[in-house]
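Some notes on the structure that comes next.
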Amino acid sequence: GLDGIESIYSEVGVESMRESEIVVNLKSRNERTWTTKEKIPELLKMFATVPGAKITIGTSAGGKSANSPIQIKFIGNNLVSLASTTRELVGMMSDVEGVGNPYTDFERGFPEIQVLMKSIMAADLDVDATSLGQIVKSFISGQTSGSLTTPDGEIPIRFATTDKKLDSAHDLEKILIPLKDGTMLSLTQVAALAETRGFGTIRHNGGDRTVTIYAQLMPDANIRNAVADIDLLIAEIGLPDGVQYQWAGDAADLDSSFSAMGLNLVLALLVVFLILAVQFNSLTQPLVILLSVPMASIGVFAGLLLTGNNFGLYAFLGVIALVGIAVNDAIVLIDTVNRNRTNGMPLDASLIDAGKSRFGPVLATTLTTIGGILPLAFKDANFAQLSISLIFGLLASTILTLIVLPIIYRIVEDFKLGFKRKIPIFIDEETE
C-alpha cells in the first residue's frame with residue numbers, strides 16, 4: 001500500500017451515471033515519503049491503459065480543484081467536424097511536453113435508427129413529416145389519450161396494440177402508412193431507415209455547438225509553453241471551415257491576468273516617477289533611478305532560470321513589488337551625490353564618495369530585506385516564485401546600482417552640460 005493516506009472515499013454518478021470520483025485525503029507532507037508532483041505522473045501512466053476511460057488526476061486546496069488547467073473550446077455548427085478535429089488534436093497533444101491525459105467532452109450516444117423521409121415520393125403520395133412521425137411513434141410506444149383520475153393522482157391512458165412488437169430494426173418495416181384514399185403503404189416506400197449512432201450530449205455556446213478538450217499540466221511544466229505548442233499543433237492540422245477555437249480555464253485566465261499585471265506595472269512606474277520628480281525637483285534623475293528596475297529584472301529572470309522556476313503570476317507580482325523596493329538603493333545613492341555637489345564637491349568626487357559611504361547601508365538594507373523574504377521560498381511553488389523574484393532582483397539591483405548607476409549618472413550629466421553649452425537658454429535642473 002501507499003503510505004501517507006488519511007482516508008479514501010468514492011462516489012458514483014457525480015454529474016451523470018457515467019462518471020465517478022475517488023477522493024484521497026492525504027496526511028501532512030512530513031508523514032509521507034512522496035509528493036503529489038511525483039505521484040500524479042505515475043498514476044496517469046498507470047490508468048492510461050484503462051480502455052474507454054477518461055481519467056483526470058489533480059490536487060485541490062481550500063475547495064478549489066486544480067484539475068484540467070488546460071481547456072480548449074472548439075466552436076462551430078457541424079458537430080461531426082468538431083468531433084473529428086478534437087479527436088485528432090487529442091491524439092497529438094499526448095506528445096506535447098508537460099501535457100498529460102488529454103480528452104474531450106464529446107460523447108457518442110447510443111445506437112439509433114433514423115427515419116429519413118423520401119421527400120419526392122412522400123410529396124406525390126401527400127404524406128407529410130408530422131403525420132409520418134406520429135405513426136412511427138404510435139407503433140413504437142403507443143399513443144396517450146387522456147388520463148384517469150384516482151385518489152393517488154392522475155394515470156395517463158395509453159393505447160397500443162399487443163401484436164406489434166419491436167424486437168429489431170427490421171420490425172419497423174412492418175409499419176403501414178395510411179393514405180387519404182384509404183390504401184396502405186409500408187414505411188419503406190415513403191422513408192428510408194438508417195442505422196447510426198447519435199450524440200450523447202450536445203453543448204452550446206452562444207447558439208453554436210461546442211466541444212472542449214481538457215488536459216492536465218504536469219508538475220513543474222510551463223503552461224505558457226504548453227499553450228504555444230498546442231497552438232502550433234492546431235495550425236498544423238488546420239481547422240475545417242466554420243470551426244474556430246478559444247482558450248478557456250487557467251490558460252485564458254493567465255492571458256487576462258498577465259495583461260492586468262502589465263497595466264499595474266506601468267501604473268507603478270508612473271506613480272514612482274511622479275513621486276521622485278517632486279522629491280528631486282527633476283525629470284532626468286527619476287529616470288536614472290528607475291533604471292534600477294530593469295537591472296532588478298535581470299536578476300529576476302536569472303534567479304528563476306537557476307532555480308528551475310517558471311515566470312508565473314507570482315513572479316510577475318514580484319517584479320511589480322521591485323518597482324517600489326529596488327529604487328530605494330538608487331534613491332539613497334543619488335541623494336548622497338546631490339548633497340555632495342551642493343556642498344561644493346566635484347561631480348566625480350561626489351560619485352566616488354557616495355559609492356563608498358553608502359555601500360555599507362545599502363548592502364545591509366538589501367541583506368535584511370532578503371532575510372525577511374527567504375522563508376517564503378520554502379513555503380510552496382507560488383510563494384517560491386515570488387520570493388525568488390524579490391531576492392535575486394534585489395541582489396542584481398544592489399550590485400548594478402552601486403556599479404552601473406554612477407556611470408549612467410555621469411553620462412546624463414555630461415549630456416546635459418553639452419546641451420546647455422549649445423543652447424544657453426537651457427536651465428539645468430540639478431546642482432552643478
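The values are calculated or read from the model by the stated rules, or taken from the named source; none is laboratory data. Predicted model, so just to flag it, every value in this text is computed and none were measured. Reconstructed Cβ throughout: ideal geometry from the backbone, glycine too, with neighbour counts over all protein chains shown.
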Members of the range 299-353 found to be acidic (Asp, Glu) and closer than 16 Å to residue 366 by Cβ, listed by number: 329
Breaking point among (1) over 30 Å from residue 218 (Cα atoms); (2) modelled with pLDDT of 90 or more; (3) among the hydrophobic types (A, V, I, L, M, F, W, C); (4) out of contact with any Phe, Trp or Tyr (no Cβ under 7 Å at 6 or more places or on another chain), for residue 323: (2)
Residue under evaluation residue 202, criteria (1) closer than 19 Å to residue 103 by Cα; (2) out of contact with any strand residue (DSSP E or B) (no Cβ under 7 Å at 6 or more places or on another chain); (3) surrounded by fewer than 16 Cβ atoms within 10 Å (Cβ to Cβ), criterion not met: (2)
First in the range 403-432 and outside the structural domain of residue 344 (by TED's automatic domain parsing) and over 10 Å from residue 288 (Cα atoms), second anywhere and modelled with pLDDT of 70 or more and β-branched (Val, Ile, Thr), Cβ under 7 Å, 6 or more apart: 429/284; 431/342
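Specify which of the listed residues (266, 272, 211) is in contact with a Gly (Cβ under 9 Å, 6 or more places away or on another chain) and modelled with pLDDT of 90 or more. Please lay out each step first, then the result.
Details: 266 fails: in contact with a Gly (Cβ under 9 Å, 6 or more places away or on another chain); 211 fails: modelled with pLDDT of 90 or more.
Answer to the check: 272.
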Filter result for residue 235 (under 20 Å from residue 305 (Cα atoms), surrounded by fewer than 18 Cβ atoms within 10 Å (Cβ to Cβ), among the small types (Gly, Ala, Ser) and at pLDDT 80 or above): no
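Going by what's in this entry, would residue 321 be described as closer than 23 Å to residue 224 by Cα, small (Gly, Ala, Ser) and either surrounded by 15 or more Cβ atoms within 10 Å (Cβ to Cβ) or assigned by TED's automatic domain parsing to the domain that holds residue 412 (or both)?
Values: closer than 23 Å to residue 224 by Cα: yes; small (Gly, Ala, Ser): yes; either surrounded by 15 or more Cβ atoms within 10 Å (Cβ to Cβ) or assigned by TED's automatic domain parsing to the domain that holds residue 412 (or both): yes.
Yes; evaluated as a whole, the condition is true for this residue.
Would you say residue 348 is touching a helix residue (DSSP H, G or I) at 6+ places or on another chain (Cβ under 6 Å), part of a helix (DSSP H, G or I) and among the charged types (D, E, K, R)?
no
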Residue in the range 159-176 that is surrounded by the fewest Cβ atoms within 10 Å (Cβ to Cβ), counting only those that are touching a strand residue (DSSP E or B) at 6+ places or on another chain (Cβ under 6 Å) and modelled with pLDDT under 75: 159
Filter pass, residue 264 being among the polar types (S, T, N, Q) and either assigned to a helix (DSSP H, G or I) or over 21 Å from residue 376 (Cβ atoms) (or both): yes
Residue list for the range 82-103, restricted to those being surrounded by fewer than 21 Cβ atoms within 10 Å (Cβ to Cβ), of a type in the set (S, T, N, Q) and part of a helix (DSSP H, G or I): 84
